[in-house]
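What follows is a set of notes on a single structure, which appears directly below.
The values are calculated or read from the model by the stated rules, or taken from the named source; none is laboratory data. Bear in mind the structure is a predicted one, so any value in this text is a computation, not a measurement. Heads up, the Cβs are rebuilt from the backbone with ideal geometry, glycines too, and the neighbour counts pull from every protein chain shown. Surface accessibility is based on the protein's heavy atoms, side chains included, excluding ligands, DNA and RNA. Shrake-Rupley method; radii C 1.70, N 1.55, O 1.52, S 1.80 Å.
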Amino acid sequence: KVVIDASGDATVMHRAGVPTVIGKNYMTYVAHYCDLEAAEKLCKDGDFSSFRKWMSTGSDMFGNGHPEGMDMLTGETAEEITAYMTEGKKTLLKRVEKMDKNSFDVMTLPFMPQFRTIRHIKGDYSLKMEDAYKHFDDSVCVINDFDHKDRLFEVPFRTMIDSDFDNIIAVGRCASAEGFAWDVLRVIPPAILTGQAAGTVCSECLKDMRTVKDTDIHKVQKLLENDNVTVHFDDELVPTDTENVEKMSVFEYEHI
């Protein structure tokens, strides 16, 4: 059997004894609302894209606005999850109490605690910001930094495995990354791509009776490419001026 951990917090890996890293999260409680301005614009141009607005309470993803005196949260315990939800709702209530109740309407509250980085494995390799525009022989997909769309990363298969555990693979934000690279790896498109790669690996492991660490990664890469997955980026896409990339790579974000 081969298991894929797509839990979002590496729960399966953790319970299997795989070494993991715990993250820290700011209080970033986000609801959605609409107001008269958005409704008027919708009636005028028929564009629903701006009808739903974000109402962020607390911090942005870089810590600006985190409640003073409140510890950062791992999201690992029920107590922290409860604290996140109760504090977030109280902060949202304080904000909407100051608004004209006849001018807006809260449309949706979070369906789940909005923890971005809970836990990931200590993989055979950890993706880093300085890996932007680097090629890896065992790459399984190409992703970009959502904050800088032209910054490309190849994701090594080694970020998804611990070779001491031969039948389990981590995907998405459960995979191994450091610093802001964890934020780059955790979002939905990388989760989809690493998930597809993991499924392909599992299929080949079962067919060939191999362990995960003994995967024929070049065969997997060909299969992924046949399914229109970009495994290696084209060097022509690399900007000639990467000064900003180099500056970003030395950033340390407190919440990781």
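One table, with the values for the structure above:
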quantity	calculated
Output for segment 63-76, where each listed residue is open to solvent by 50 Å² or more (accessible area, probe 1.4 Å), more than 18 Å from Phe180 (Cβ to Cβ) and of a type outside the set (Gly, Ala, Ser)	Glu68, Asp71, Glu76
Which listed residue is at pLDDT 95 or above, surrounded by fewer than 21 Cβ atoms within 10 Å (Cβ to Cβ) and touching a Ser or Thr at 6+ places or on another chain (Cβ under 7 Å), from Asp124, Asp138, Asp164	Asp124
Search result, residues across segment 33-62 that are aromatic (Phe, Trp, Tyr) and either farther than 22 Å from Arg116 by Cα or surrounded by 15 or more Cβ atoms within 10 Å (Cβ to Cβ) (or both)	Tyr33, Phe48, Phe51, Phe62
Residues of segment 197-218 satisfying the condition of being surrounded by fewer than 17 Cβ atoms within 10 Å (Cβ to Cβ), within 14 Å of Cys141 (Cα to Cα) and either among the basic types (Lys, Arg) or touching a residue at least 12 places away in the same chain (Cβ under 8 Å) (or both)	Gly199
Every pair of residues 6+ apart whose Cβ atoms lie under 6 Å, when the first sits in segment 43-56 and is at positive phi and at pLDDT 90 or above while the second is assigned to a strand (DSSP E or B) and not aromatic (Phe, Trp, Tyr)	none
Only one of Asp35, Asp5 that is under 15 Å from Phe165 (Cβ atoms) and of a type in the set (Asp, Glu)	Asp5
Any hit, segment 22-36, residues being hydroxyl-bearing (Ser, Thr, Tyr) and free of Cβ contacts under 8 Å to residues at least 60 places away in the same chain	no
Selection from segment 2-30 of residues that are in a loop (DSSP other than H, G, I, E, B) and either open to solvent by less than 10 Å² (accessible area, probe 1.4 Å) or under 29 Å from Gly65 (Cβ atoms) (or both)	Ser7, Gly8, Asp9, Ala10, Val18, Gly23, Lys24, Tyr26, Met27
Scan of segment 120-160 for residues that are within 17 Å of the chain's Cα centre (by Cα), within 20 Å of Lys219 (Cα to Cα) and outside any strand (DSSP E or B), ordered by number	Phe157, Thr159, Met160
Residue in segment 156-164 that is without any contact (Cβ under 8 Å) to a residue 40 or more places away in the chain and of a type in the set (Ser, Thr, Tyr) present	yes
Residues that are within 17 Å of Gly23 (Cβ to Cβ) and of a type in the set (Gly, Ala, Ser), drawn from segment 79-123	Ala83, Gly123
